[in-house]
Amino acid sequence: MTPIDIAVTLTMAIGAVLMLTGSIGLLRFPDVFTRMHATGKCDTLGEALILFGLIIFQVYHGHELLLDRIIVPTKMLFIIIFLFIANPVAGHAIMKVALVVRTPMWTKKGWNIWSKEEHK
Amino acid sequence: MVFFEVFIWILLFTAFIALYRAVFGPTTFDKIVAVNVIGTKTVVVLVLIGYVYSRPYFFDIALLYAILNFIAVIAITKYIERGRICE
């Protein structure tokens, strides 16, 4: 176990715990909006941490070829950047449609049924 | 030594938890959110599979799957909101 291996394992373990937390929140929360509150942040950050650990592993343990040292971490960096842009956009689209269609919302006083005047 | 297969099994377990919400979700949006979550986990699992089998081509498949997942969510939400996709 070199210090690089310990750092990689720790980063990936934090990412896996975040993804597990997001899934449990998706299973346990009562409402569409609270479920999206749980999964929208945990999934993006967990995925980014796992791929960041893999980038560290690849830079230090890859072969001497150009493909292994440069191109493969660049591809994983592309995946991280794309998901950091695409995941909040998808979450915003789902939330906007759920508000337009007037999905019932959970509050502390009970379920909020949308009235006629209360729109968007 | 880092054990990548352990992380693959943990991510498959979390995807299996999210599959309950994708099948039995009360509203349509629960199902869309669950499918989005499973797609995000699938990207990470594909990258880890590329490490376990030591083939770097799986990263291209992971990037393509991320783009497909995003386009699917945008198309479904636009269809529900406006009634049609192209206008």
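Observations on the model:
- Distance violations [Cα-Cα > 28 Å] among A:K41/A:K96; A:K108/B:K78; A:K41/B:K31; A:K41/A:K109: A:K108/B:K78
- Taking amide hydrogens as placed 1.01 Å from N in the peptide plane, the amide H of A:N112 sits under 5 Å from those of A:M105, A:W106, A:T107, each at least 5 positions away in sequence or on another chain.
- Average beta carbon contacts from partner chains per residue of A:40-48, 10 Å cutoff: 3
- Per-residue mean of foreign Cβ neighbours for A:104-113 is 0 (Cβ atoms of other chains, 10 Å radius).
- The calculated P(r) of the protein assembly as shown, using every Cα pair and 5 Å bins from 0, goes 1, 7, 15, 18, 18, 13, 10, 7, 5, 3, 2, 1, 0, 0 in percent.
- Electrostatic bookkeeping for B:K41 treats Lys and Arg as +1 and Asp and Glu as -1; over the other residues with beta carbon under 12 Å from its beta carbon, the sum is -2.
- Solvent-free Debye calculation, one equal scatterer per alpha-carbon of chain A: log10 I(q)/I(0) at 0.15, 0.16, 0.22 Å⁻¹ equals -0.78, -0.84, -1.19.
- Counting only whole DSSP H helices of chain A, the ones at least 15 Å long by C-alpha along their axis and with mean Kyte-Doolittle hydropathy no lower than 1.6 are A:72-100.
- Computed label-point distance, nm, for sites A:A7 and A:F82 using a 7 Å Cα→Cβ extension: 2.7 nm
- Shielding of B:39-49 by partner chains, average beta-carbon count, 10 Å: 5
- FRET efficiency, A:T34 to A:R69 (Cβ-Cβ, R0 45 Å, nearest 0.05): 0.55
- Think of it as helices only: each DSSP H run of n ≥ 4 in chain A is worth -39500 (n - 2.57), and spread over all residues that comes to -25500 deg cm²/dmol at 222 nm.
- If you look at the Cα atoms of chain B, you get an Rg and a Dmax of 15.5, 54 Å.
- Here the label points at B:Y79 and A:L99, each 7 Å from Cα along the C-beta direction, are separated by 2.5 nm in the simple model.
- Highest-first arrangement of B:8-19, B:73-84, where packing means the average Cβ count within 10 Å: B:8-19, B:73-84
Bear in mind that the values in this text are calculations on the coordinates, not laboratory data. From a predicted model like this one, the values you see are computed outputs, not experimental measurements. All Cβ positions, glycine included, derive from the backbone under ideal geometry; neighbour counts span all protein chains shown.
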